[in-house]
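Quick notes on the structure that follows.
Please treat every number below as a calculation from the coordinates, not as lab data. Because the structure is predicted, anything quoted here is derived from the model rather than measured. Heads up, the Cβs are rebuilt from the backbone with ideal geometry, glycines too, and the neighbour counts pull from every protein chain shown.
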Amino acid sequence: MRTYLTPHTHPSFHISSILKPQLMIGNRPAHMRRLYEICQSPTKIWKPLPGGDHNSSVLEDGYFESIEDFVGNLDTNIKIG
């Protein structure tokens, strides 16, 4: 499963060049919408979380279910890496 995760902390991270599947979970709608629009991945999901903040999003209803759904629905034929 690790290969599905993008290393966002890598110095050369540029969301516009990422083609791996992306799940964007967040509570800052304008910021998340912009990232979603810039991302060029053919497989991208934006899941807004209306409550919480950067550090407490994991406590929001649906956070882990969104991850489970995303990973469970990935096409196994997608080339990762």
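Structural remarks
- Summed residue charge, Cβ within 14 Å of I15's Cβ, Lys/Arg positive, Asp/Glu negative: +3
- Charge sum, other residues only, whose C-beta stays under 13 Å from P29's C-beta, Lys/Arg counted +1 and Asp/Glu -1: +3
- Using a simple spin-label model with pseudo-atoms 7 Å out from Cα toward Cβ, L19 and R34 lie 2.6 nm apart.
- Net charge of Cβ neighbours under 9 Å - reference L49; Lys, Arg +1; Asp, Glu -1: -1
- Taken along the Cα-to-beta-carbon direction at a fixed 7 Å, the label points for N27 and S57 span 1.0 nm.
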